[in-house]
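See below for the structure under consideration.
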Amino acid sequence: MEHVDVAVIGGGQSGLAAAHSLLCEGLRPVVLEASDAAAKSWPRYDDSLPLFTPARYRSLPGMPFPGDRDRHPHRPPGHRRTARRRRLRVGARRRRRAGGAGRGAASGTFGHPHRPALVGLDGFTGTVLHAAEYRRPKPFAGRRVVVVGAGNSAVQIAAELSAVARVTLASRAPVTFARQKIAERGLHFWLRRAGLDVVPLGGLLRRPPTQLVIDGGRYRAALAQGAPDRRPVFTGIDGAKVCWTDGSREEADAIVLATGYRPDLPYLAGLDGALDAAGRPRHRVGASAAVPGSAFVGPEWQRSLSSNSLRGVGRDVDRIARHVAAHLRGR
């Protein structure tokens, strides 16, 4: 056991931003990271992933994203370099037990891909993978593929696969699009200008609203042309066959689950009241509702629409750092 000022659990975007803010409060954080490097989730994205937010809104606090600020980068090596530079300023260690008076959980969700309980999925004789495991379309060339989901990742993967395979996008509701640019300005400019990006609605929402697909026109056109086609999610799977809602059945070679992620906080399961029955953190605008001195950074709708994005984390962490510092000074 080792005493530290603050243990920040997770070395991704939220953990690095939290460590920076804690340093600014005069504390000495130690970042505990399960992998062998900071920001290790970035290389696990698919090769052609386009970020839906311009570079100017993807900076860590105190470290701008490199290059043209108005571009939409692909799977970004820039944040890995930024993370390595920032790692030199903060003690970063492999995740382990630490005896500290303050604790911050910023371990993200990419370690816990959500696999919905779809009827017959466990018995499917083809290939099943989550979007977290998808890298490139080439292995699916000439095959029949069903992509499940209606968010940004689902639409992007389905459209990309349609160039080499016959693809259906299966979702419980139609895809809802948001224009990437309005009056020559990016969507995120207008969200910030209108204040919608920062309105503190997180504590008022019982469940997050439906995710919009940010699109410059490419994905809407692809769906309109039937590449991919969109259908209601299937009613079940029988061996290699997918059973559609119209009663038809057809063989599929692969199913890609672009069905999101869930909080990845198993190390808090032993702390009474820290998590709810679904494993989600119990908090009030980030501060733990059950464990004094503990806080969360980066949960979806922690405080606002942008809380689990880089642009939002940079705004939320200062408040969390002040909360942790006040706890340590008052104990």
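Heavy-atom accessible area with a 1.4 Å probe sorts 2, 184, largest first, into 184, 2. Rounded if a/c is under 1.5, else prolate if a/b is larger than b/c, else oblate: which is region 185-248, with a ≥ b ≥ c the root eigenvalues of its Cα gyration tensor? Cα axes put region 185-248 in the oblate bin. Calculated accessible area for region 198-331 comes out at 53 Å² per residue, all protein chains present (probe 1.4 Å; ligands, DNA, RNA ignored). Straightening the chain between residue 278 and residue 182 buys 30.7 nm, computed as 0.36 nm per residue apart minus the Cα-Cα spacing. Summary of the geometry: region 280-322 and region 114-144, compared by the centres of their Cα atoms, lie 33 Å apart.
3J(HN,Hα) couplings calculated from phi for region 227-232 with the Karplus curve 6.51 cos²θ - 1.76 cosθ + 1.60 (θ = phi - 60°) are, in sequence order, 9, x, 8, 10, 9, x Hz; Gly and Pro show x. Which of rounded, prolate or oblate describes region 165-319 when judged by the alpha-carbon gyration tensor and an a/c cut-off of 1.5? Note, shape of region 165-319 comes out oblate. If you sort the three axes of the alpha carbon gyration tensor as a ≥ b ≥ c, you get a/c of 1.5 or more for region 210-274 and a/b no higher than b/c, which makes it oblate. Here the gap between residue 135 and residue 23, fully extended at 0.36 nm per residue and compared with their Cα-Cα distance, gives a gain of 36.7 nm.
Of all the C-alpha pairs in region 241-319, what % are more than 16 Å from each other? Beyond 16 Å sits 63 percent of the P(r) for region 241-319. The amide H of residue 287, built 1.01 Å from its N in the peptide plane, has 296 as neighbours under 5 Å, considering only residues 5 or more places off or on other chains. Protection proxy ranking of 153-162, 134-143, by the mean of other Cβ atoms within 10 Å over each peptide's residues and highest first, is 153-162, 134-143. Given their separation in residues at 0.36 nm each and the Cα-Cα distance between them, residue 271 and residue 127 gain 48.1 nm when the chain is fully extended.
What trypsin sites (Lys or Arg not before Pro) in region 193-268 are in a loop by DSSP, with at most 16 other Cβ atoms within 10 Å of the Cβ? Those that pass, being in a loop and sparsely packed, are 206.
The values are calculated or read from the model by the stated rules, or taken from the named source; none is laboratory data. Keep in mind it's a predicted model, so treat the numbers as computed, not measured. As a convention, Cβ positions derive from the backbone with ideal geometry for all residues, glycine included, and neighbour counts pool all protein chains shown. Quick note on the areas: whole protein, heavy atoms, side chains included, nothing else; ligands and nucleic acids left out. Shrake-Rupley method; radii C 1.70, N 1.55, O 1.52, S 1.80 Å.
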